[in-house]
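The structure under discussion appears below in the form of structure tokens.
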Amino acid sequence: MRRPEWTEKIDWQFINGIFGLIISVGAFAGALLHLSPLPAVQRFVSAHIGDVAFQLLSIAIIVIIAGSLFQLRRQMRGLYAAIEIIFGLAAGVYAANQFYGANTEDSRTRAIFAAVAGVYVIVRGLDNWSQRNAV
């Protein structure tokens, strides 16, 4: 059975390397938990193993979503650009709401960074929109 054509374009070695890294970190944390002769290390690992597992799962999900969005960008650049522009607008609205309700310097700074990120995403979306028919 032949693989779908779009799978031939993905760098599977890179993706397998990411998942290998995730599994290795998880195995290392498990080994520290069970094999460490130092009770302090065991207490630390057992206190944070849930956090580590959640983070590893989050990384795996993020890699899958990023790969899927990359394929969408390669195959339907106009749709990807529209999604990117909408996401940037949503980030800008969120930032404006956060800035309006900000009552500390730190929260205002975070709102400004969110606004700048929204502008950046919109610019990227417009660039992708302008290149949607390019080969």
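Only the coordinates and a few stated rules stand behind these numbers; no lab work does. On a predicted model such as this, the values are computed, not experimentally measured, just so you know. With ideal geometry, Cβ positions are generated from the backbone for all residues, glycine too; neighbour counts draw on all protein chains shown.
Looking only at region 94-112, count how many residues are surrounded by 12 or more Cβ atoms within 10 Å (Cβ to Cβ) and in contact with a helix residue (DSSP H, G or I) (Cβ under 9 Å, 6 or more places away or on another chain).
Residues meeting the conditions: 12.
Go through region 97-135 and give me each residue that's outside any helix (DSSP H, G or I) and under 17 Å from Ile86 (Cβ atoms).
Arg132
Would you please list the contacts, defined by Cβ atoms under 7 Å and residues six or more apart or on different chains, that run from a residue in region 64-86 that is over 16 Å from Ala134 (Cα atoms) to a residue that is among the aliphatic types (A, V, I, L, M) and assigned to a helix (DSSP H, G or I)?
Gly67/Ile15; Glu84/Val121; Ile85/Ile122; Ile85/Leu126
Kindly provide the set of residues from region 69-88 that are touching a Lys or Arg at 6+ places or on another chain (Cβ under 9 Å), exposed (fewer than 15 other Cβ atoms within 10 Å of the Cβ) and of a type in the set (A, V, I, L, M), ordered by number.
Met76, Leu79 - these are the residues of region 69-88 that are touching a Lys or Arg at 6+ places or on another chain (Cβ under 9 Å), exposed (fewer than 15 other Cβ atoms within 10 Å of the Cβ) and of a type in the set (A, V, I, L, M).
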